[in-house]
Structure formats: structure tokens, C-alpha cells
1. Give me the mean projected area, in nm² to one decimal, of the convex hull enclosing the Cα positions of chain B.
2. Going by accessible area, probe 1.4 Å, with all protein chains left in place, what is the ranking of A:M172, B:M69, largest first?
3. Over the Cα atoms of the protein assembly as shown, what Rg and Dmax result, in angstrom?
4. Could you pull the copy-to-copy label distances for B:N20, with points set 7 Å along Cα to Cβ, in nm to one decimal and sorted shortest first?
5. Residue by residue through region A:134-146, which ³J(HN,Hα) values in whole Hz follow from phi under the Karplus form 6.51 cos²θ - 1.76 cosθ + 1.60 (θ = phi - 60°), with glycine and proline marked x?
6. Simple spin-label model, 7 Å along Cα-to-Cβ: A:S126 to A:Q58 in nm?
7. Between A:D10 and A:K283, what is the label-point separation in nm under the 7 Å Cα-to-beta-carbon projection?
8. To the nearest whole number, what is the average tally of beta carbon atoms from other chains within 10 Å of the beta carbons of peptide B:130-139?
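The values are calculated or read from the model by the stated rules, or taken from the named source; none is laboratory data. Predicted, not measured: the structure shown is a model, and the values here were computed from it. Cβ coordinates were reconstructed from backbone atoms using ideal geometry, including for glycine residues, and neighbour counts include every protein chain displayed. These area figures cover heavy atoms from the full protein model, side chains too; ligands, DNA and RNA do not enter into them. Shrake-Rupley method; radii C 1.70, N 1.55, O 1.52, S 1.80 Å.
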There are 2 protein chains.
Amino acid sequence: MNDYTKLIEDALYSYLPSKNVYEKNLIEAMEYSLKAGGKRVRPTLALEFCRLCGEVPQKALPFGCAVEMIHTYSLIHDDLPCMDNDDYRRGKPSNHIVYGEDTALLAGDALQSLAFRIMTAPETVSLAGEQACVKAVNCLSYYCGAQGMAGGQAIDLAYEDKNAPIEVLREMDSKKTSSLIKSACALGCIAAGADNEKIAAAEEYGEYIGIAFQIVDDILDVTSSNEELGKPVGSDKENSKSTYVSLLGIEECKNLVESYTHKAINALNAFEGDTSELADFAKQLANRKK
Amino acid sequence: MNDYTKLIEDALYSYLPSKNVYEKNLIEAMEYSLKAGGKRVRPTLALEFCRLCGEVPQKALPFGCAVEMIHTYSLIHDDLPCMDNDDYRRGKPSNHIVYGEDTALLAGDALQSLAFRIMTAPETVSLAGEQACVKAVNCLSYYCGAQGMAGGQAIDLAYEDKNAPIEVLREMDSKKTSSLIKSACALGCIAAGADNEKIAAAEEYGEYIGIAFQIVDDILDVTSSNEELGKPVGSDKENSKSTYVSLLGIEECKNLVESYTHKAINALNAFEGDTSELADFAKQLANRKK
């Protein structure tokens with residue numbers, strides 16, 4: 001896809017408050033995780049959909065950065081001992097390992113607030129207009145809240161000790177993984193002032209690449225761990241939790257990935273511009289090897 | 001002050017998502033803390049300032065409820081073991097005692113998202129207009145984030161093991177306690193479409209009653225704990241952390257409360273309507289005995 005990384009990261013870091021304050025530690029903790037890398041997939045999707053709707057990609061920068069802040073806050077909270085208890089994230093110590101659990105909790109909370117602050121800053125209003133800003137906040141707050149990302153995590157917790165049937169797994173991944181991707185795609189269109197039909201198509205694309213991504217993850221978990229162990233593919237599971245592979249088998253999973261990728265690419269027909277970058281991106285996700 | 005409790009609570013609970021979902025536990029956890037009582041001071045202030053600006057109080061309901069949701073999320077996260085580790089809140093088991101730390105964390109996160117969602121819902125836009133909605137989100141996200149409430153909590157953490165000088169204590173309380181009260185007062189004016197001069201005056205009122213409240217708290221901590229122990233007033237401190245009383249002495253604290261209450265009431269001169277309810281409320285806070 002078009003490489004907007006520098007554009008995105010310059011903007012992202014510019015939104016951090018000054019560190020010349022008594023609460024310096026908090027700002028440093030927020031910065032630490034924001035700068036901890038990642039592929040910036042969500043803001044890139046926002047910028048690309050904005051371009052596809054006929055506007056300069058920059059118009060979607062504040063909204064795209066807001067999604068990245070929400071994504072970053074969710075990773076900080078996910079890593080906490082009361083959640084996944086991960087000491088490392090992308091090869092670096094987790095936020096709470098460096099700053100302590102208390103500051104990490106606050107850093108996540110404050111990143112969520114900052115996301116909504118930059119979406120409604122005077123500069124953002126000048127760039128995208130009041131109507132787009134209101135619509136964008138409403139969209140992102142839905143997809144990151146109880147009916148979106150946080151809801152998906154709650155389903156995960158509810159099925160921690162029991163096997164989730166396929167419809168629960170689907171609902172969980174749709175909320176946990178697809179929600180933010182969907183909102184990034186939608187926000188790109190909203191920034192460009194696109195109509196509801198285009199916004200819905202962008203969400204459809206996001207939904208399908210999100211689920212396909214998750215199924216590929218499950219496939220790679222099984223194939224790579226069995227390769228490492230020298231066991232035949234599909235002969236064991238990492239733990240007792242349901243996965244697409246454990247419920248449907250590898251072949252059916254591969255078919256699903258193909259079908260969802262096809263549906264994602266089909267959804268792009270709602271747009272008149274050049275959709276090849278987004279179509280290629282969907283294929284890359286489906287064919288990735290790690 | 002005018003009793004808007006029923007109005008506020010009916011609206012507040014109506015914003016909760018349906019419990020007929022796989023993530024039922026999360027919605028129940030959010031509901032548990034939202035319904036755990038409290039005096040609804042912040043939404044009441046929002047409604048009263050809206051009325052003072054010449055509009056029906058109902059116009060500020062979504063914004064007032066949003067502040068209450070932010071307040072509720074902050075209490076849930078504050079009680080977590082990695083923060084204050086409180087098992088009880090208002091005489092009832094804390095959220096994480098009932099639902100577990102993981103769900104409590106998510107419930108706080110999702111309440112923050114829900115606050116911004118209801119501020120930008122189509123019904124809220126119809127009620128207050130797009131411009132007010134954008135301004136309100138920008139105001140609340142500032143006052144609850146790194147430069148507001150979360151920042152105040154971070155200052156508290158930074159001075160956990162050392163004595164904070166008076167200027168740090170003042171900054172901490174301004175952010176930790178006054179921020180949300182200020183934003184509630186401002187949001188009432190914003191809902192009514194008031195000008196920036198009135199918004200600033202409302203924030204000034206909120207700032208001063210917030211700090212006065214905190215100083216009275218410190219005074220009551222010393223006077224009531226010494227009464228219980230039969231010791232002369234002011235002869236000890238509960239712990240080594242700075243308080244207004246430990247830094248300034250009781251008499252100076254009482255003078256400050258009087259002066260700040262006076263300043264809060266003075267700020268109300270910016271409004272033409274009947275300010276007696278808000279003036280009385282400031283006096284009640286200053287004179288409270290527990």
C-alpha cells in the first residue's frame with residue numbers, strides 16, 4: 001500500500017502534550033507505546049480510503065492517528081497482569097514493565113481521551129468540518145467500546161475456560177479485531193465527506209480483511225508450531241481454547257480466507273477511484289507466511 | 001440545588017447497551033458502577049448551568065451523563081489493586097471484587113468510550129447542534145485526559161513517596177478533582193450555546209469549588225480522625241503525604257476555603273439569570289461537616 005508512515009508518525013507524535021509538567025511520567029509512558037512501532041495499518045487504511053474518495057490523504061490524518069491511539073491504548077491494557085500478563089510487546093518491555101502498572105493504566109486511559117481530543121481539535125474542524133468530526137467520534141467510540149473492541153475482549157474473557165462455538169468465535173473476532181480496522185476504513189471516508197453507501201462499503205472491506213487476518217493467524221499458529229516441533233500439521237492445539245482451525249479444520253479455514261478476501265475486494269466496487277492498492281493489501285494479508 | 005436526580009439517572013441508564021449479548025458480563029459491570037449511587041453532582045451542575053444560560057436543563061442531559069460516565073470509569077480504575085486497591089466503594093464491593101479485575105478494567109475503558117458516543121449520538125446532535133457537540137467532546141476529552149484528571153492522578157503517583165510542595169498539591173488537585181467539575185459546568189453552558197466568556201466563568205466557578213472541596217476534605221480528615229482518637233486537633237497526620245493542612249495549618253486552610261468559595265460565587269456574576277442555587281451549593285460544600 002502507499003507508504004504514509006512518515007506522514008502518520010510525524011502527526012501522531014505531534015499530538016502528545018508537553019513533557020515539561022509534573023505528570024511527565026504519564027506523557028513519557030504514552031510516548032513510549034506510541035513510538036514502539038507497529039505497521040500503522042489502521043491510519044494507513046484511513047488515509048488510503050480518504051484518497052480513494054477523492055480527497056488528499058492528509059485530510060484523514062487526525063482521524064487515522066486517533067484510531068492508532070485507541071489501538072495503542074488497547075495494547076497497553078491488554079498486556080497488564082490482570083489481562084494477558086505479557087512482559088514484552090514487539091520485542092520491547094511492555095509499558096507496565098517500564099513505567100509500573102499504575103502509570104500504564106493511566107497511559108492507556110489518557111490515550112483514549114487524547115484520541116477524541118484530536119478528532120475535535122479546532123485544526124481538525126477546519127480540515128474536515130464539524131459534521132465529519134461529530135460523525136467520526138460517534139463511529140470510533142462505537143467501534144472501540146462495549147459494542148466493539150472492548151466487547152470482543154469481554155467475549156474472550158467469558159469463554160476463557162470453555163470452548164466457544166463458531167458463531168461466538170466469529171462475533172468475538174469481529175469485535176476484537178475487525179472493529180478498529182472497520183472504523184479506520186470508515187473514518188477515511190468520513191474525512192472525505194463520502195456518502196453513507198461508501199462508508200458502509202469501507203466497513204465491509206474492513207470487516208472481511210479483519211476476520212481473514214484472524215483466521216490466517218490461527219492457521220499459522222498450527223502450521224508453524226507443528227513445523228517447529230516436527231509433528232504433522234494439525235495434530236495438536238496450543239491450548240484448549242477454540243480456534244477456527246480446531247472448529248473447522250485447515251482446509252475449510254483456507255477456503256474461508258479466500259472467500260472473505262474475495263468479499264473484501266468486491267466491496268471496493270462501491271468506489272470509482274483506483275482500488276488496486278487496497279485489493280493488493282487484502283491479498284497480502286491472506287497470503288502472509290508469518 | 002435543583003433536584004435533577006431522576007432526570008439524570010433515567011437518562012444515564014438508558015444509554016447502556018443491551019445485555020442480550022455474549023459480552024453480557026461487561027454491560028452488567030458497567031451498569032453496576034453506574035447504578036452504585038453518588039450524588040450526581042457533575043451532571044447536576046451541567047443541567048443547572050444550562051438552565052442559567054436560558055435553556056431547558058434537559059438540553060445538557062447527554063453531556064452531563066457523559067461526565068458522570070467518565071467519573072464512574074475513573075472510580076472503577078482507581079479502586080483496582082494496581083491503584084488504590086479498595087475493596088469497597090460507597091459501602092458496596094468495588095467493581096473488580098464483583099466482576100474481576102479484567103472485566104472491571106474493560107468496564108472502565110468502555111464507559112469512557114460510551115461517554116463520547118452519547119455526546120455525538122444523532123439525538124444529541126438534534127438537541128444541541130453539531131458545533132456544541134464538537135466543542136463538548138473537545139472540552140471533556142481535555143479535562144479527563146493527560147492534561148486533566150489522568151494527569152492529576154499521575155502527579156499523585158509521582159509524589160507517592162515524597163512530600164509535595166504546595167504548588168504541586170494545588171496543581172494535582174486542580175487536575176484530579178476540579179477538572180471534571182469544571183468540564184461539567186462548561187458543558188452546561190456549551191449545551192445552551194453560551195459564549196466563551198460565560199464558559200470561562202463557569203470553569204472558574206468549577207475550579208474554585210473543586211479546590212475548596214479538597215481543602216475541606218483535608219481539614220475534615222484531621223479534625224474527625226483526631227476527635228476519634230481523643231488527640232488535640234492538628235497534632236498528627238494520617239500518613240507522610242502532604243496535605244493542605246500539613247503544609248499550611250488549619251487556620252490558613254479555613255481562610256483559603258472562604259476565599260475560594262467567595263471567588264466561585266463571584267464568577268457567577270458573568271450570568272444574568274438566578275445564580276442563588278449555585279451560590280448556595282458552593283457555600284454548602286464549604287460548610288459541610290463530613
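1. Working: hull surface 60.2 nm².
The orientation-averaged projected area of the Cα hull of chain B comes to 15.1 nm².
2. Numbers: A:M172 25, B:M69 0 Å².
My answer, sorted largest first, is A:M172, B:M69.
3. 24.9, 81
4. Counterpart label points of B:N20 in the remaining copies fall at 5.7 nm.
5. 4, 4, 5, 4, 4, 5, 5, 5, 5, 6, 9, x, 4
6. 1.2
7. 3.2
8. Details: counts 8, 5, 2, 7, 13, 4, 1, 9, 11, 2.
Other-chain Cβ atoms within 10 Å of each residue's Cβ, averaged: 6.
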